[in-house]
Amino acid sequence: MLQNIRDNSRGWIAKTIIGLIVMLMAFTGFEAIVTGTSNRNNAADVNGDTITLNELNQAVEMQRRQLLQQLGRDFDASLLDDKLLRESSLKGLIDRKLLLQAAGDAGFAFSQPALDQVILQTPEFQAEGRFDAARFDQVIRQMGYTRLQFRQMLEEEMLIGQLRAGIGASSFVTEQQALAFANLERQTRDFASLTIKADTAAVELSDSDVKAYYDEHASEFMSPEQVVLEYVELKKDSFFDQIEVSDEDLKPAYESEIANLAEQRHAAHILIEGDDEAARAKAEEIKARIDAGEDFAALAKEFSQDPGSAADGGDLGYAGPGVYDPAFEEALYALQQGQVSAPVKSAFGWHLIKLLGVQSPEVPSFDSLKDKLARDFKAQQVEQRFVEATKQLEDAAFEASDLAQPAQDLGLEVKVSEPVGREGGATGITANRQVLQAAFSPEVLEDGANSSTIELDPSTVVVVRVKEHNQPEQLPLEQVAESIRGHLLQERASAAAKAEGEKRLAAAQAGEAQDAGWQVQEAATRSQDGVEPKVLQALFRMAKPSKAGEPTFAGVTLNTGDYVLLRLDGVNVPEEALAAEQLAMYRNFLASREGQQDFAALRKQLAAEADIERF
């Protein structure tokens, strides 16, 4: 058979088929190579627009910082799942890209001068009420942005904000809808309640009941698996006292510090949009009027096409180098105070620029900065020594069979933890998730090895090893009997209260007369003080009493085990008319909610219709 295949494969038909297969494989293989290479640095493609891996990594880091700020300094960063963070960040970037595409399709735009105004007027970028370029750079650097990246991000945020506002502002509700909602919100209910207590004292419980429960749930009464850890702790702060610093060490840092001080200039401008001769002629005409003595601020209010500054007479506030368009900035720094430039062309149109004021930087003395420079110098030296010591500890722990030798090499103390299970301790190193992961890893727990260095925080690293390993054991009945007894008493008391309550509920619904002891409350609101939330929820879900005035009944079990029987006597709708301001408030609230739902629906539709590819 194989010989027949071999003989037939020599024919021209077989050779043609094989040739076609080779060509197809060559083309598809080449395409796969090209596609794989071109997408190597991309995370996703959204309708032809790419999201790069750099963008994704930056978004992941930003989300990590925000979560750590929200959760507090004591939160264990190792609990954050990197995979979930990346998935969440990528989804956010894809949503953002879709919204930017939708904003572009809708014709939304945000000018660069308007963007300048947003930056200049942002309080976080100001010092003493004025824009501070150094503070601006510091803030965006902490956020992980360059100036160009931040401007691009801010422009995108403004575009998405315009889209969201446009959708939200288009939503509306009728007066009848607002009135109906208001009546529901303002509705009150007259009711009575009868509480049947879960009485543990009335429950009979024998030792055999406790033993039976213990036998049936034996797996729940095991001592936890625990370890006792030995560890050495290396702290960055311990190196500070070892660093000596002289004035000569600080002089280069001082020169660098004062070199970064920049002059601030207070500018105003009149913008005529367009790059044609007509726009230039208009600017020259206004310049002639200024030269003739007319007020610059008044002309800016009348003619400037910069919406962010025209109303303020063109005032842009103080700013340092690097904020404005290069052509604008060059002309500004060539002016004397009070002088107005000739028309200056930029990417946004033609400008007339006036220099309103100059702030020269105050150069601090070496002595005034000495303490700060010394701290910074020491911090740099300590950081270097800490990194070197961490590497030394890592190597020593890897080579040693215990922690005695690494501790001796670095002058550290071997410490011992309290017994701790896989759930972790409340404080100390056993509360750190990375420490627990290392302690219960096969290498450390089973093989008896030292862990690698673990960063507790940016200033502290530890190495741990297991000193004792305590396996789970069955807890004796005597040790857990009281907790079992308490659980059974509460469970049976709650069941008895519910049974009695449901019996009374059935009797009430059948029209039988009820015992005394009902607590009556009139005109209870949806957020009535002094009433259990569960009771309120059940109360406002109950059907209205019949027209004949017969009440309706319901029952609810509280978290305490008590059973509450409810009797709804009446539903009250406020008769007084809503004031115009109140009605407007309800309409605005409902319209805002509708707008949010419409925007969410748009995002869902954009995602459903998009061509999205994740790499």
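The values are calculated or read from the model by the stated rules, or taken from the named source; none is laboratory data. Model, not experiment: these values are computed from the prediction. Here the Cβ is made from the backbone with ideal geometry for all residues, glycine too, and neighbour counts use every protein chain on show. We work out accessible area using only protein heavy atoms, side chains counted, and drop any ligands, DNA or RNA first. Shrake-Rupley method; radii C 1.70, N 1.55, O 1.52, S 1.80 Å.
Of note:
- Spread of Cα-to-Cα distances over 10 Å intervals beginning at zero, given as percent, for segment 568-610: 23, 26, 22, 18, 10, 1
- In a reduced charge model with +1 at each Lys and Arg Cβ and -1 at each Asp and Glu Cβ, segment 45-170 shows a dipole moment near 120 debye about its Cα centre.
- Residue (of LEU393, GLN471, THR146) at the positive-pole extreme of the chain, dipole from beta-carbon charges: THR146
- The fraction of Cα-Cα pairs per 5 angstrom bin, counted from 0 for segment 359-436, comes to 3, 12, 11, 12, 15, 13, 9, 7, 6, 5, 4, 2, 1 percent, rounded to whole percents.
- The mean accessible area for residues of the chain, using a 1.4 Å probe and ignoring ligands and nucleic acids, is 60 Å² per residue.
- Sorted into 5 angstrom bins from 0, the C-alpha pair distances of segment 327-370 split as 5, 20, 21, 14, 10, 7, 8, 7, 6, 1 percent.
- Only helices reaching 20 angstrom along their own axis (Cα) with mean Kyte-Doolittle hydropathy no lower than 0.0 count here, and for the DSSP H runs of the chain these are 12-38.
- Solvent-accessible surface (1.4 angstrom probe) belonging to MET62, in square angstrom, nearest 10: 40 Å²
- Here segment 291-360 has an Rg and Dmax of 11.7, 32 Å, counting Cα atoms alone.
- Using distinct alpha-carbon pairs, which all enter the 1/r mean, Kirkwood radius of segment 498-615 in Å: 18.7 Å
- Compared with the alpha-carbon gap, the fully stretched path from ASN572 to ASP276 is longer by 99.6 nm at 0.36 nm per residue.
- Per-residue surface analysis assigns ARG422 an accessible area of about 120 Å², computed on protein heavy atoms at 1.4 Å probe radius.
- Along principal axes, Cα extents of segment 178-281, largest first, whole Å: 96, 70, 27
- Surface listing: GLU156, GLU446 arranged by accessible area from highest to lowest gives GLU446, GLU156, probe 1.4 Å.
- Surface composition of the chain: carbon and sulfur make up 50 percent of the accessible area, probe 1.4 Å.
- The order of HIS351, HIS217 by accessible area, most exposed first and with a 1.4 Å probe, is HIS217, HIS351.
- Qualifying chymotrypsin sites (Phe, Trp or Tyr not before Pro) in segment 88-192, where qualification requires a DSSP coil assignment and no more than 13 other C-beta atoms within 10 Å, comprise PHE172.
- Accessible heavy-atom area order of THR427, THR52, highest first, probe of 1.4 Å: THR427, THR52
- Put simply, the Cα atoms of segment 508-575 extend 35, 34, 19 Å along their principal axes, the longest span coming first.
- More than 26 angstrom apart: percent of Cα pairs within segment 272-419: 55 percent
- Shape category assigned to segment 278-324 from the gyration tensor of Cα positions, a/c cut at 1.5: prolate
- Look at the alpha carbon pairs under 8 Å that are at least 6 residues apart: their mean separation over the length of segment 119-209 gives a relative contact order of 10 percent.
- Here is the tail figure for segment 79-154: Cα pairs spaced more than 19 Å apart come to 55 percent of all pairs.
- In angstrom, the C-alpha Rg and Dmax of segment 398-483 are 15.4, 51.
- Per-selection Rg to Rh, the chain - Cα, Kirkwood hydrodynamic radius: 1.09
- Estimated FRET transfer efficiency when R0 is 35 angstrom, pair GLU388-SER360 (beta carbons, to 0.05): 0.20
- Relative contact order (%) - criterion: Cα under 8 Å, at least six apart; region: segment 320-441: 11 percent
- Rel. contact order, % - alpha carbon contacts under 8 angstrom, at least six apart, the chain: 24 percent
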